[in-house]
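Student: Supplied in structure tokens, the structure appears directly below.
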Amino acid sequence: MIGPPNPVSNLRPIIRQRLLHETPLQQRLRELQDETQAWNEEFWSEHNTRFIKEKESYIKSHLNPNDERKTLTADEMSEFYKAFLDHNWKTHVKYNFEWYSRNFTLLFLALKVNLGFTR
């Protein structure tokens with residue numbers, strides 16, 4: 001089952017059914033899927049919270065108090081987006097390596113399950 005998106009992480013939770021006669025390999029796959037989902041949820045919740053906080057701070061610091069505008073132009077915001085991405089580049093690279101590693105492991109386990117292996 002897939003639920004509605006989390007308002008902070010924007011990820012949709014997946015609720016996996018535990019099989020009645022689950023093999024040890026199927027259990028390992030399900031648990032790793034759930035663990036990866038939780039890890040991904042935590043990363044994007046923290047990332048998006050930090051992004052929103054820094055974006056609001058950037059907007060406040062760049063708006064003139066005497067100006068009637070409530071937001072900055074796309075060109076003005078592009079400076080923030082670039083700075084945010086540059087500042088978080090190492091975090092994103094580390095995330096991507098971990099994400100790919102987890103997905104290859106999940107793919108390998110799913111292949112073994114689909115081929116009928118039990119352990």
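Values in this text are rule-based calculations from the coordinates and carry no lab data. Note that the structure is a prediction, hence the values are computed from the model and not measured. Cβ coordinates were reconstructed from backbone atoms using ideal geometry, including for glycine residues, and neighbour counts include every protein chain displayed.
Student: Between Leu20 and Thr118, what is the spin-label point distance in nm, taking each point 7 Å from the Cα along the Cα→C-beta axis?
Tutor: For the pair Leu20/Thr118, the computed spacing is 1.7 nm.
Student: While we're here: Would you kindly compute the Cα radius of gyration of the range 19-73 and its largest Cα-Cα separation (Dmax), both in Å?
Tutor: For the range 19-73, the Cα-based Rg and Dmax read 21.7, 68 Å.
Student: Here is a follow-up. Where does the Debye-calculated log10 I(q)/I(0) of the chain sit at q = 0.12, 0.15, 0.17, 0.19 Å⁻¹, using only Cα point scatterers of equal weight, no solvent?
Tutor: Result of the Debye calculation: -0.63, -0.82, -0.95, -1.07.
Student: Another question about this same structure. If I stretch the segment between Glu79 and Gln27 completely, what's the gain in nm (0.36 nm per residue apart, minus their alpha carbon distance), one decimal?
Tutor: Here the answer is 14.1 nm.
Student: Here is a further query. Magnitude of the Cβ-charge dipole of the chain, K/R +1 and D/E -1, about the Cα centre, nearest 20 debye?
Tutor: 560
Student: Using Cβ contacts closer than 10 Å as the measure, can you line up Thr36, Thr91, Thr71 from fewest to most?
Tutor: Thr71, Thr91, Thr36
Student: Residues in the range 90-113, backbone N under 16 Å from the label point at Gln37 (7 Å along the Cα-to-beta-carbon vector): list them, ranges by number please.
Tutor: Residues passing the 16 Å test: 103, 106-107, 110.
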